[in-house]
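This report concerns only the one structure given below.
The values are calculated or read from the model by the stated rules, or taken from the named source; none is laboratory data. This is a predicted model, so every value here is computed, not measured. Using ideal geometry, Cβ is built from the backbone for each residue, glycine included, and neighbour counts are taken over all protein chains shown. The accessibility values were calculated without ligands, DNA or RNA, using every heavy atom of the protein model including side chains. Shrake-Rupley method; radii C 1.70, N 1.55, O 1.52, S 1.80 Å.
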Amino acid sequence: AVKNRELELNYQSIVDAAQNIIAAEVLLRWLHPKFGDIHPKEFVPIAEKNNQIIKIGRWVLQQACEQIKQWSSHPKLSRIQLSVNISAKQFLYINFIKELREILHHTCISPDLLKLELTETAVIDNIEDVISKMQTLKKMGIQVSLDDFGIGHSSLVYLKKLPVTQIKIDQSFVHDVLTDSNDAAIIKMVLAVGKTINCDIVAEGVEQPEQFELLK
């Protein structure tokens, strides 16, 4: 797939309370000539297992930064921030920061237009290395988001240590927020935590106007 250029990036909008598009999340897709669209849930675990995820992840970062560069002259898209999911294996790769610096230097983009997303599990399993790299990224001007918050090993102790600028509420809480009081209570808690540590909050999987209004 990598060699034959069958991978491509899609962009999912992230909107503010006024429904203005302020950012987008990069979604990786595999368009197979025989099997059609293959979902990342099918191919990413294989890539993780055979370490191809490092090569694929580098390609995704390169493409995302190239896209930011292409949008730089567009009147509306020039300030769109792109969020890129980074796997634990890719983030802990010894040359990750070095290669990211090279991509930024090559594309000449503003670092604040790139946001890296890490899952809770990736963070907590390797906390000291992750904190060190996050601090380096912060100095580079790159923001870090904690993805799928609430479904892993959530720990407020770890969250206090991490220099994250955004928390993403997992869509499993958003899906039933209109009918499940527990989901609504958990979202309220995450909003309170985010406000306390000065983090932006993004809710995933908002598909109904009623969900949007309640979250707002």
#### Entry: Residues of region 36-50 satisfying the condition of being assigned to a helix (DSSP H, G or I) and not aliphatic (A, V, I, L, M)
Pro40, Lys41, Glu42, Phe43, Pro45, Glu48, Lys49
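This table checks each residue for (1) over 26 Å from Ile187 (Cα atoms); (2) within 15 Å of the chain's Cα centre (by Cα).
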| site | (1), (2) |
| --- | --- |
| Lys49 | yes, no |
| Trp71 | yes, no |
| Lys76 | yes, no |
| Gln81 | no, yes |
| Asn95 | yes, no |
| Glu102 | yes, no |
| Cys108 | yes, no |
| Leu116 | no, yes |
| Ile131 | no, no |
### Message
Among the residues that make up region 199-211, is at least one of them farther than 27 Å from Ser87 by Cα, open to solvent by less than 30 Å² (accessible area, probe 1.4 Å) and of a type outside the set (A, V, I, L, M)?
### Response
yes
### Residue list for region 27-40, restricted to those being out of contact with any Phe, Trp or Tyr (no Cβ under 9 Å at 6 or more places or on another chain), loosely packed, with under 11 Cβ neighbours inside 10 Å and without any contact (Cβ under 8 Å) to a residue 24 or more places away in the chain
Lys34, Phe35, Gly36
### Task
Collect the residues in region 41-52 that are more than 30 Å from Arg79 (Cβ to Cβ), open to solvent by less than 70 Å² (accessible area, probe 1.4 Å) and of a type in the set (A, V, I, L, M, F, W, C), keeping them in residue-number order.
Phe43, Ala47
### Query
Which ones in region 51-99 are among the small types (Gly, Ala, Ser) and either more than 26 Å from Asp129 (Cα to Cα) or not in a strand (DSSP E or B) (or both)?
Gly57, Ala64, Ser72, Ser73, Ser78, Ser87, Ala88
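So, restricting to helices (runs of 4 or more DSSP H) that lie completely within region 156-216, which ones have at least 1 residues that are of a type in the set (Asp, Glu) and closer than 28 Å to Leu113 by Cα?
The helices (runs of 4 or more DSSP H) meeting that bar are 209-215.
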### Message
Contact list please: Cβ distance under 7 Å, first residue in region 121-150 and open to solvent by less than 10 Å² (accessible area, probe 1.4 Å) and part of a helix (DSSP H, G or I), second residue of a type in the set (Val, Ile, Thr) and at pLDDT 85 or above, pairs at least six apart or on different chains.
### Response
Val123/Val130; Met134/Val144; Leu137/Val144
### Query
Looking only at residues in region 110-120 that are of a type outside the set (Lys, Arg) and open to solvent by less than 20 Å² (accessible area, probe 1.4 Å), which one is modelled with the lowest pLDDT?
Glu120
### Summary
When restricted to Ala24, Ala1, Ala64, Ala17, the only residue of a type in the set (Gly, Ala, Ser), loosely packed, with under 10 Cβ neighbours inside 10 Å and in contact (Cβ under 8 Å) with a residue 40 or more places away in the chain is Ala17
